[in-house]
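Values quoted throughout were computed directly from the atomic coordinates according to the rules given, and no laboratory measurement underlies them. Model, not experiment: these values are computed from the prediction. Because the Cβ atoms are built from the backbone with ideal geometry, glycine has one as well, and the counts that use them run over all protein chains shown.
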Amino acid sequence: MPILAEIRFALRAALWFVFLTFPIMVIKADPIGQTVIWRWRNAVWVGACSFFVCLALRLWKNYRAKHPALGPSNDGGSFIHRILDHSGQRRAFLGILLAAAILFPFFASSYQTNIMITALIYVVLGLGLNIVVGMAGLLDLGFVAFYAIGAYTYALLHLHFGLGFWQSLPLGACLAALGGICLGFPVLRLRGDYLAIVTLGFGEIIRLALENWGEFSQGPSGIANIPRPGFFGMTLSLDQSILFLYFIMIVFVIATIFVVNRLRDSRIGRAWIALREDEIACQAMGIDKQKTKLAAFALGAFWAGGMGVVFAAKTTFINPASFTFLESVIILSIVVLGGMGSIVGVVCGALILVLLPEYLRALSEYRMLAFGAILVLMMIFRPQGLIPTIKSRYPLENLTDDRP
Amino acid sequence: MLRLEHVRAGYGNILAIKDISLVISEGEIVTLIGANGAGKSTTLMTISGLVPCRGGKILLNGREIQGEAPDNIVRLGLSQVPEGRHIFPLLTVKENLDMGAFLRRDKDGVKRDLEFVYTLFPILEKRQRQHGGALSGGEQQMLAMSRALMARPKMLLLDEPSMGLAPLLIKQIFAIIERLNRERGTTIFLVEQNARKALRVAHRGYVLENGEIIVTGTGRELAANEKVQSAYLGM
């Protein structure tokens, strides 16, 4: 009887789960009474829940295996791809999306708008990192360094030379790109784990330098009174400037998506993807490995630098604590969660990872727990990401595949 | 066309090839045979710039190319099919072929060459939307060769094209090598362990042992050479 076997399996899984969660869910030390409280009811709950979840998952899997006609295609990812593939539907879909984005701040409070600006910043950051990690396959754990370079460029240029947002924006982006090249040169020969460690170190070096080089960056106390972007010399109220920043971000997101999309289909984009697949073959094809890698680092960093400037303008105050390793991890999670190399995926990943914690503030204590659980579940059920990248298609005429 | 003069190269402290001099003229099929670890692949990698040359000269049409970046060497018309095929596993067959033409900008020529490799290997056309990694070993070898051809090289460096293939496929691959040489005039430098086959198609050959060339001659001469027979042909 297969159902009995499934129940037995679920029972075993539930018992394991109870055993594993026993120390945190059941035992509670009471430091005042110097006693241990045994919360047996929790164990029952954990056992029952994990039993039913496990059983449901197993049965569902069996059902799917028996009815392959349902196929793996009835999921969110391909739904979005189906819409995007159909040019009429795509236009309508994007139109609605754009309209919703434009109308959003007029219906939402400025608090909501502020959160959305943050989310959009992470969209662009994710798209930037997507170039480095998703396309070129270079695992970068220090991406936040470029974000910091951009933010400090604006803050310091304003502090010392009184430069405004619009002058600092290209400078910040370009300085970050230069930083990307500086990081790129020494790591040209590295791949995989080694590259990850060096980039991690680079991120920490930048943060520690900002923290300790007081004369340059004002140290941990940070830089305050950074102006928000002005609107043709007009002074804006707080709400107005948030609104303005929101629309600036919308434009940035659209521009970034456009550029990244074009980049992916360009020669350099193809070189990145080939480099990710096989370095030796790449060189045998005549691709300049060094230039290609440096371009990936520089272009990825470019967007991070630009967003750093926006971030500084948005918060009007920056200090090194905003640029910790955790930020790099979040940006990387956005790319991995959304689907490496996939632009739609990264956009959705950023919105989910930034907005969910904001709207689930009540559960904020469990945020990191949920974060970890989501990533583990992702790796098990959708290792290719929420909305994986699709291969470009070639029109073919009446081809039959005779492969058995 | 290609001339190596006292070339040395290696990895770390080990010198894999010690003193190699050889000549390949235009339109020839030249083979380099030798046992495992004799330095055959290193010789090819050194020519295409993937392994740095530690001494001697490599001349392509009279121009010194040792120390040039690998992409410049491809630009000069030398295209390598690396050992173990090294196709891009997650790109489709068509994308793999497109990567071969990476340095070319003449779209019409690329299109013609694509048709040409499809006539050489019709199976690739059928598989063009499949991932490279989903191909069988023989198909991958065909893809690797076709990809190198997409660069329209003047000279093709083939590293063990028969490795791990069934005898029938080996025969087919070697037939294609001869056809390329005959119809397109592509100069071919063939590194092989399958000495018998290689000597049959090659005009001339070199025998490599411990990083040095010990015998050279026409394919027929080498096949008749006693030393070569006992060491590589198992006679």
Review point. Could you list log10 I(q)/I(0) for the stretch A:76-129 at q = 0.27 Å⁻¹, which the Debye formula gives when each Cα is one point scatterer?
Key: -0.98
Check your understanding: Which FRET efficiency value, to the nearest 0.05, is calculated for B:Ile14 and A:Ser266 with the Förster distance at 51 angstrom and r the Cβ-Cβ distance?
Key -> 0.80
Practice item. Can you give me the P(r) profile for the stretch A:287-367? Cα pairs, bins 10 angstrom wide beginning at 0, each as a whole percent. Key: 15, 36, 37, 10, 2, 0
Revision key, fill the gap. Expected unfolding gain across A:Leu238-A:Trp213 under the 0.36 nm per residue rule, minus the alpha-carbon gap, is 5.8 nm
Review point. Using all Cα-Cα distances in the stretch A:238-293, what percent lands in each 5 angstrom bin from 0 up to the longest?
Key: 4, 18, 18, 13, 10, 9, 9, 7, 6, 4, 2, 0
Exercise for review: Scan chain A and note any complete DSSP helix (H) whose C-alpha atoms cover at least 18 Å along its axis and whose Kyte-Doolittle average is 0.0 or more.
Suggested key: A:2-25, A:40-66, A:87-107, A:110-129, A:144-161, A:165-184, A:192-212, A:238-265, A:289-315, A:325-338, A:343-359, A:367-381
Point to revise | Debye intensity ratio I(q)/I(0), log10, the stretch A:108-381, q values 0.07, 0.08, 0.09, 0.12 Å⁻¹ (C-alpha model) | key: -0.24, -0.32, -0.40, -0.72
**Study point:** the stretch B:22-101: GluC sites (Glu not before Pro) in DSSP coil with no more than 14 other Cβ atoms inside 10 Å
**Key:** B:Glu26
Check your understanding: To the nearest 10 degrees, how steeply does helix B:167-179 sit against the main Cα axis of chain B, on a 0 to 90 scale?
Key -> 90 degrees
Practice item. Using only the Cα atoms, work out Rg/Rh for the stretch A:254-404, with Rh taken as the Kirkwood radius, to two decimals. Key: 1.04
Study note, to complete from the structure: Under 5 Å from the placed amide H of B:Gly55, counting only residues 5+ away or on other chains, we find B:Arg8
Exercise for review: Evaluate the stretch A:62-179: find the radius of gyration of its Cα atoms, find its Kirkwood radius, and give the ratio Rg to Rh.
Suggested key: 1.13
Review point. Where does the Debye-calculated log10 I(q)/I(0) of the stretch A:244-330 sit at q = 0.12, 0.15, 0.25 Å⁻¹, using only Cα point scatterers of equal weight, no solvent?
Key: -0.52, -0.74, -1.21
Revision key, fill the gap. With Cα springs under 10 Å, the Gaussian network model of chain A assigns the largest mean-square fluctuation among A:Ala281, A:Ala29, A:Ala100 to A:Ala29
**Study point:** Whole-number Å³ per residue for the convex hull built on Cα positions in the stretch A:2-70
**Key:** 76 Å³
Point to revise | Mean projected area in nm² (Cα convex hull; one quarter of hull surface) for the stretch B:87-152 | key: 3.7 nm²
Study note, to complete from the structure: Evaluated at 10 °C and 1.306 mPa s, the Stokes-Einstein D of the protein assembly as shown based on the Kirkwood radius over Cα pairs, in µm²/s, stands at 55 µm²/s
Exercise for review: Any chance you could tell me what percent of the C-alpha pair distances in the stretch B:105-235 go past 23 Å?
Suggested key: 39 percent
Check your understanding: For the stretch A:198-237, what is the per residue volume of the convex hull drawn over the alpha-carbon atoms, in cubic angstrom?
Key -> 121 Å³
**Study point:** Shape box of the stretch A:144-245 [Cα atoms, principal axes, largest first, Å]
**Key:** 50, 26, 23
**Study point:** Mean projected area (nm²) of the alpha-carbon convex hull when the stretch B:1-69 is viewed from all directions
**Key:** 4.5 nm²
Check your understanding: Taking the radius of gyration and the Kirkwood hydrodynamic radius from Cα positions alone, what is the Rg/Rh ratio for chain B, to two decimal places?
Key -> 0.96
